[in-house]
Amino acid sequence: MNTIYKINPLRIAVILNSVMLLNATITSGQELPCIQKAMTYKAGKYAFSACTGDFNKDGKKDIAVVNYNGDNVMILLNNGDGSFANPVSYPAGHYPASVKAADFNGDGILDLAVVNVGSETVSIYIGKGDGTFGAKTDIPGGAFPCFVAVADLNNDKKQDLAVSNDSSNVVTIYLGNGDGTFTNKGGFHVGEYPSAITVADFNGDGKEDIAVTNTGGNSISILKGNGDGTFGNDTEYPVGSYPSGIAAGDFNGDGKPDIAVANSVNASISVLDNKGDGTFARAINYAAGGGGPISIVSTEFNKNGYIDLACCNAGTNNISIFLNDGKGVFPAPVNKQTGNSPIYILSEDLNKDGITDIITVNNNENGTISVLLGCKK
């Protein structure tokens, strides 16, 4: 039995290829978008998560990667053609697990927020606008912080943070003060072992809401925002086994953000249609095209106006692309190989050709990212 082990604070520690390969031979009748062979770049030991942003203000999207075993964050600057310069390292806290980019101090330059599981802190790095960052400033991150999302949660036009705290089963809110500092607004209870977060206005009231995966409860929680950085009681919806990735998007074209979830243990994704009032229909499950889907992204691959899905499969070293049929239904996926143990996925236009590209973060000893550039047919 071939076992892949990876350090993972989302409690997905062991993926068994012999089990997950039952779903690895799925094919699709749809035409695969034109995607080039993956290019691999070094990104540090046991790379764990990433975000994109124009860190040096040259109009090109760069990448920030956190390395769980390396206790650092790596910056890879875009050469403009979708290739990347050698990474530059900045110290992080102990076991950094998630990173997001936003302008936290209102100077028009992207900054970084990194959550550190081991030191239980959130590190803020102020960007200088040339692709470099100042020394980190740490704030308490709560018990076992494992994921960070960025949004304006109180409608003051300042970027705030939502952090999932695995050990205490809460999402902690940090309201941005507009100068790169934050005020802890407190934690809001969700399900068991919360992990990935997505933010959207699910009930159409102009206030941002939160959806979070509960890896221990095999569910997602919805927190409806009050518009002041506080949230009501959570509502849980069952999904697949060990949900570890989440994305929002209008999949059925009704103008309401729906939710997609990656379920790592039973190798599936779940799609939940929004009823329009912030409640959701029962999850529809689709078999993933590989083993251990851990992260999921919503994006448009084939320029038809429909939001598609892609997940990365850590157990089978590939991504699965689910093409939307236009009604929010996703036929069997098509697959593309990546580096070893991809555990996080992003979509971006890296070479400014108007075509969606894919980035995966590969959680292996060499610590790499894979870049799969989209191409014209």
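Semi-axes of the chain's equivalent ellipsoid from the Cα gyration tensor, sqrt of 5 times each eigenvalue, largest first, rounded to whole Å?
Semi-axis lengths for the chain are 27, 25, 21 Å.
Rg to Rh for region 97-144: what is it, with Cα atoms only and Rh by Kirkwood? Write down the numbers at each step before the final one.
Values: Rg = 11.1 Å, Rh = 11.0 Å.
We get a ratio of 1.00 for region 97-144.
Please give the FRET efficiency for residue 226 paired with residue 179, using the beta carbon to beta carbon distance and R0 = 25 Å, rounded to the nearest 0.05.
0.55
Roughly how far apart, in whole Å, are the Cα centres of region 309-350 and region 32-68?
After rounding, the separation between the Cα centres reads 16 Å.
Please report, as a whole percent, how much of the solvent-accessible surface of region 99-213 comes from carbon and sulfur atoms (probe radius 1.4 Å).
Working: 1870 of 3890 Å².
Carbon and sulfur together cover 48 percent of it.
Heavy atoms only, 1.4 Å probe, whole protein assembly: order 323, 77 by accessible area, highest first. Don't skip to the end; give the middle numbers.
Numbers: 323 5, 77 50 Å².
The ordering from most to least exposed comes out as 77, 323.
Rounded to two decimal places and with Rh computed the Kirkwood way over Cα pairs, what is Rg over Rh for region 147-252?
Result for region 147-252 is an Rg/Rh of 0.96.
Would you list, by chain and number, the lysines whose Cα falls below 21 Å from the Cα of residue 136, excluding same-chain residues fewer than 8 positions away?
Leaving aside lysines fewer than 8 places away in the same chain, those within reach of residue 136 are 45, 57, 100, 128, 158.
Can you pull the one-decimal nm distance between simple spin-label points at residue 192 and residue 42, each 7 Å off the Cα toward Cβ?
The two pseudo-label positions are separated by 4.3 nm.
Which parts of region 335-363 would a label at residue 376 reach, counting a residue when its backbone N lies under 15 Å from a point 7 Å out along Cα-to-Cβ?
351-356
Carbon and sulfur together cover what percent of the accessible area of region 234-377 at a 1.4 Å probe radius?
The value for region 234-377 is 46 percent carbon and sulfur by accessible area.
Compute the distance in nm between two label points, each set 7 Å from the Cα along the Cα-to-Cβ direction, one at residue 236 and one at residue 168.
If labels sit at residue 236 and residue 168, their model points lie 2.0 nm apart.
Compute the relative contact order of the chain as a whole-number percentage, counting only Cα pairs closer than 8 Å that sit 6 or more residues apart in sequence.
Value for the chain: 16 percent.
Per DSSP helix of 4 or more residues, -39500 (n - 2.57); summed, then divided by the residues of the chain. What does that give at 222 nm, rounded to the nearest 500?
Working: 1 runs with 4 residues, N = 377.
So the calculated ellipticity at 222 nm is 0 deg cm²/dmol.
Pairwise over distinct Cα atoms, reciprocal of the mean inverse distance: report the Kirkwood radius of region 276-377 in Å, one decimal place.
14.3 Å
Given the Cα-Cα distance of residue 353 and residue 69 and 0.36 nm per residue of separation, how much length would full extension add, in nm? Don't skip to the end; give the middle numbers.
Numbers: separation 284, 0.36 × 284 = 102.24 nm, distance 3.50 nm.
Length gained between residue 353 and residue 69: 98.7 nm.
Let me see the P(r) profile for region 81-202: every Cα-Cα distance counted, bins of 5 Å, each bin given as a percent of all pairs.
Spelled out bin by bin, region 81-202 gives 2, 12, 21, 24, 19, 12, 7, 3, 0 percent.
Taking only protein heavy atoms and a 1.4 Å probe, what accessible area per residue, in Å², does region 100-190 have with all protein chains in place?
Working: 3240 Å² over 91 residues.
The answer is 36 Å² per residue.
Tell me, in nm to one decimal, what length is gained between residue 57 and residue 83 on full extension, where the rule is 0.36 nm per residue of separation less the Cα-Cα distance?
Taking residue 57 through residue 83 to full extension adds about 7.7 nm, to one decimal.
The values are calculated or read from the model by the stated rules, or taken from the named source; none is laboratory data. The model shown is predicted, which means the values in this text are computed figures rather than measured ones. In this analysis, Cβ positions are derived from the backbone assuming ideal geometry, glycine residues included, and neighbour counts consider all displayed protein chains. Side chains are part of the model used for accessible areas, which takes the heavy atoms of the whole protein and leaves out ligands, DNA and RNA. Shrake-Rupley method; radii C 1.70, N 1.55, O 1.52, S 1.80 Å.
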